[in-house]
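Everything on this sheet refers to the single structure shown next.
The values are calculated or read from the model by the stated rules, or taken from the named source; none is laboratory data. It should be emphasised that the depicted structure is a prediction, and the values quoted were computed from it without experimental measurement. Here Cβ is always computed from backbone atoms with ideal geometry, including for glycine, and neighbour counts include all displayed protein chains.
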Amino acid sequence: MANYKNILVAVDYTEEAHKVLAKAKAMAAGTGAKITLLHVVETVPVVGGPESFSYVDLYVDQPDVIDRALSDMKTLAAAIGVNIDNFLVLTGVPKHEITSCADEQGVDLIVLGSHGRHGIRLILGSTAAGVLHHAKCDVLAVRV
């Protein structure tokens, strides 16, 4: 197993986030790896016509959403008993924000949950699949 030094853990508001963070904690144990906990507030796609497609950040003017995400991540970290070096909340398309953040933070492992979807569900935008295909570092998809 690789000796990871900088782990990015991407979580959402589901109960499965506990399992994902616990797995990252186990991977970091004994190596002194730094753990960054990330939540991406997803932007909403808007279609305005056949040639107009964009994303709208409904939360950019709502700091309470960001504050809630930070609070929830701190509660999650305390529940798992893991020391988090950095808490980040970003807005955007999760698979893009996760991989961009990993690049910017010099991450050598991304840990995130995966429901193990197949077929059309996978094609239509699994975050885990998107991260796996675009990340420049190792990715651990924890089955939840």
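For the range 17-27, filtered to residues that are aliphatic (A, V, I, L, M) and touching a residue at least 40 places away in the same chain (Cβ under 8 Å), the residue that is farthest from Thr91 (Cα to Cα) is Met27.
Is it true that some residue in the range 103-119 is under 26 Å from Lys5 (Cα atoms), at pLDDT 90 or above, in a helix (DSSP H, G or I) and not acidic (Asp, Glu)?
We begin by selecting, within the range 103-119, every residue under 26 Å from Lys5 (Cα atoms); these are 103-114.
Remaining after also requiring at pLDDT 90 or above: 103-113.
Going one step further and asking which of them are in a helix (DSSP H, G or I), we end up with 103-105.
Now drop any that are not not acidic (Asp, Glu), which leaves 105.
Within the range 103-119, one or more residues are under 26 Å from Lys5 (Cα atoms), at pLDDT 90 or above, in a helix (DSSP H, G or I) and not acidic (Asp, Glu).
Looking at Tyr4, Tyr55, Tyr13, just one residue is of a type outside the set (D, E, K, R) and modelled with pLDDT of 85 or more, and that residue is Tyr4.
Within the range 62-97, if we keep just the residues that are modelled with pLDDT of 90 or more and touching a Gly at 6+ places or on another chain (Cβ under 9 Å), the residue that is surrounded by the fewest Cβ atoms within 10 Å (Cβ to Cβ) turns out to be His96.
Note on the range 5-17: residues that are part of a loop (DSSP other than H, G, I, E, B) and crowded, with 21+ Cβ neighbours inside 10 Å total 1.
Filtered by the rule that a residue be part of a helix (DSSP H, G or I), surrounded by 13 or more Cβ atoms within 10 Å (Cβ to Cβ), β-branched (Val, Ile, Thr) and modelled with pLDDT under 90, the range 120-144 gives a lone residue, Thr127. Of all the numbered requirements in (1) surrounded by fewer than 13 Cβ atoms within 10 Å (Cβ to Cβ); (2) modelled with pLDDT under 95, Thr43 misses one, and that requirement is (1).
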